[in-house]
Amino acid sequence: MNIFQTVKENVTARQAAEQYGLKVNKNGMVCCPFHDDRHPSMKVDRGFCCFACGAKGDVITFVADFFHLAPLEAAKKLAEDFQIPVFTDNARKRNASKKKEKPKRTFYQTEKKFEEWERESIRILSDYLHLLEEWKIRYAPKTPEEEWKAEFIEACQQTEKINYYLDLLVFGELQDRIEFLLDSGKDVKRIEKRMEEYRRNNKE
Ligand SMILES: [Zn+2]
């Protein structure tokens, strides 16, 4: 589990809103901090949604927007303020097996290799994000009855995750980026294949 998933499993947007001083009424409504709101127009639950200005997202988006932080910074702040241990499974495993390890030998031995991988991953993820934005428009259902196309669903489901990935790679600290490589390197490869497959089947 990565830091975003761990934090989201442990804190709701409602808890965060209360922690950071917003008054949540018993219906879970709160004055929206993202527009000039006099009567509570924002619903806070696991995530949040403002019926007046349309701001919405999960607990991490909420804290990121509230404190003007990048998502990773917001996740770290939440982990700290709510005392959530955010070691990833792999980090735990690596720590547990550290004692037995002989001279350290990782797959990406040199810094240069890591940098190359990083650049390549950022390229793939930006490319994919761009494609998802395109799909959201191209494959959007035109009538309420129309069945949703697979690409449209994929775009709705993946955008937030890919934004996190990119944010982590671009703004994250070295240790987090290395962990990302170990945890999600395969996912990036899968995304690359997915795009190739789509482009093969949809030659323009
Ligand atoms: Zn609002």
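The values are calculated or read from the model by the stated rules, or taken from the named source; none is laboratory data. Since we're looking at a predicted model, the values are computed, not measured. Reconstructed Cβ throughout: ideal geometry from the backbone, glycine too, with neighbour counts over all protein chains shown. For the accessible areas, the whole protein counts, side chains as well, though only heavy atoms, and no ligand, DNA or RNA atoms are used. Shrake-Rupley method; radii C 1.70, N 1.55, O 1.52, S 1.80 Å.
Observations, loosely collected:
- Given (1) away from the ligand (no atom under 15 Å from the Cβ); (2) more than 22 Å from residue 168 (Cβ to Cβ); (3) in contact with a Leu (Cβ under 9 Å, 6 or more places away or on another chain), number of the condition residue 16 does not satisfy: (2)
- Residue 148, sole failed condition from (1) over 22 Å from residue 183 (Cα atoms); (2) open to solvent by 50 Å² or more (accessible area, probe 1.4 Å); (3) within 17 Å of the chain's Cα centre (by Cα): (3)
- Considering region 19-60, and only residues there that are under 30 Å from residue 181 (Cα atoms) and touching a Leu at 6+ places or on another chain (Cβ under 8 Å), the residue that is surrounded by the most Cβ atoms within 10 Å (Cβ to Cβ) turns out to be 59.
- Condition met for residue 6 (more than 12 Å from the ligand (Cβ to nearest atom) and at pLDDT 95 or above): no
- Qualifying residue in region 176-185 (condition: assigned to a helix (DSSP H, G or I), without any contact (Cβ under 8 Å) to a residue 24 or more places away in the chain and surrounded by 11 or more Cβ atoms within 10 Å (Cβ to Cβ)): no
- Inspection of region 97-112 identifies no residue that is closer than 24 Å to residue 74 by Cα, modelled with pLDDT of 55 or more and open to solvent by 100 Å² or more (accessible area, probe 1.4 Å).
- Residue check, residue 87 at pLDDT below 90, exposed (fewer than 15 other Cβ atoms within 10 Å of the Cβ) and within 16 Å of the ligand (Cβ to nearest atom): no
This table checks each residue for (1) within 16 Å of the ligand (Cβ to nearest atom); (2) modelled with pLDDT of 90 or more; (3) more than 15 Å from the chain's Cα centre (by Cα).
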residue	(1), (2), (3)
22	yes, yes, yes
26	no, no, yes
51	yes, no, yes
54	yes, no, yes
91	no, no, yes
